[in-house]
Amino acid sequence: MIELERTFLAKYIPKDLAGCKSKEIFDVYIPKAKEHPTIRMRKNGDKFEMTKKEPVHGTDSSHQEEQTIILTEEEFKEISKIGGKELRKIRYCYPYKDKFAEIDIFQDLLSGLVVMDFEFETMEEKESFIAPDFCLIEVTQEKFLAGGMLAGKSFSEIENYLKELGYSKLFLKK
């Protein structure tokens, strides 16, 4: 499957986000020793999967080939014993015009980081998309914000990069 998406840092958190459908996501990226692991183990609510994502040869990093295997909880727990870089976030499904923004509120050591993704069916749709006002800046090509690069890091480790982009910590008020 080819994934077409654009990623943005949040300028602010929409007021009505807390009322939107959400789920906790726990990721383990392997191998742990790799700077940017491409294999992700994911607990997504009550679903478990292993995904490998790699940029399609000759394209930018927003055009990725994605292969996913559905796992049982037992398989997830066993494979996770390998050890990897971890991250946890709460993902909100926020309606915006005819789309949904996946708004990720990072937890634990990355608390204060809010990133949103929009997925598209076609390249034309992706290229013509106008970001909503609650988006600060597009970061689709920013490697340091890829899940495998963020996993295992703290906010302070990426804070200087974020400041260069004009980003300040955000927290969801409930």
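How much mean residue ellipticity at 222 nm does the chain get from its helices, if each DSSP H run of length 4 or more adds -39500 (n - 2.57) and you divide by all residues, to the nearest 500 deg cm²/dmol?
Mean residue ellipticity at 222 nm (helix-derived): -4000 deg cm²/dmol.
Loop-only check: which chymotrypsin sites (Phe, Trp or Tyr not before Pro) in segment 1-107 are DSSP coil with at most 14 other Cβ within 10 angstrom?
Those satisfying the criteria are Tyr12.
Which longest uninterrupted range of the chain lacks any GluC sites (Glu not before Pro) assigned by DSSP to a loop state (not H, G, I, E or B) and surrounded by at most 12 other Cβ atoms within 10 Å?
The segment 36-120 is the longest one with no such site.
Where the only charges are on Cβ atoms (+1 Lys, Arg; -1 Asp, Glu), what is the dipole of the chain about its Cα centre, to the nearest 20 debye?
Charge dipole of the chain: 780 debye, to the nearest 20.
I'd like to know which of Ala131, Gly147, Met116 lies farthest towards the positive end of the charge dipole of segment 89-163, counting +1 on Cβ of Lys and Arg and -1 on Cβ of Asp and Glu.
In segment 89-163, that residue is Gly147.
Can you bin the chain into rounded, prolate or oblate? Criterion: square roots of the alpha carbon gyration tensor eigenvalues sorted a ≥ b ≥ c, rounded for a/c under 1.5, prolate for a/b above b/c, oblate for the rest.
Rounded.
Taking 0.36 nm per intervening residue step and subtracting the Cα-Cα distance, what contour gain separates Thr51 from Phe129 on full extension?
Fully extending the segment from Thr51 to Phe129 adds 25.4 nm.
Which net charge results for the neighbourhood of Ile25, defined as the other residues with beta-carbon distances under 9 angstrom from its beta-carbon, given Lys and Arg at +1 and Asp and Glu at -1?
+3
Rounded to the nearest 0.05, what FRET efficiency do Ser168 and Lys77 give with R0 = 41 Å and r taken as the Cβ-Cβ distance? Could you check?
For R0 = 41 Å, the calculated efficiency reads 0.65.
Measure up Lys52/Lys143; Lys15/Lys143; Lys23/Lys163; Lys21/Lys163 against 24 Å on the Cα-Cα distance and list the ones that go over.
Violating the 24 Å Cα-Cα cut-off are Lys15/Lys143; Lys23/Lys163; Lys21/Lys163.
Show me the three semi-axes of the equivalent ellipsoid for segment 1-104, from the C-alpha gyration tensor (sqrt of 5 times each eigenvalue), largest first, rounded to whole Å.
Working from the Cα gyration tensor, I get semi-axes of 25, 19, 13 Å.
Values in this text are rule-based calculations from the coordinates and carry no lab data. All values derive from a computational prediction rather than experimental measurement. Reconstructed Cβ throughout: ideal geometry from the backbone, glycine too, with neighbour counts over all protein chains shown.
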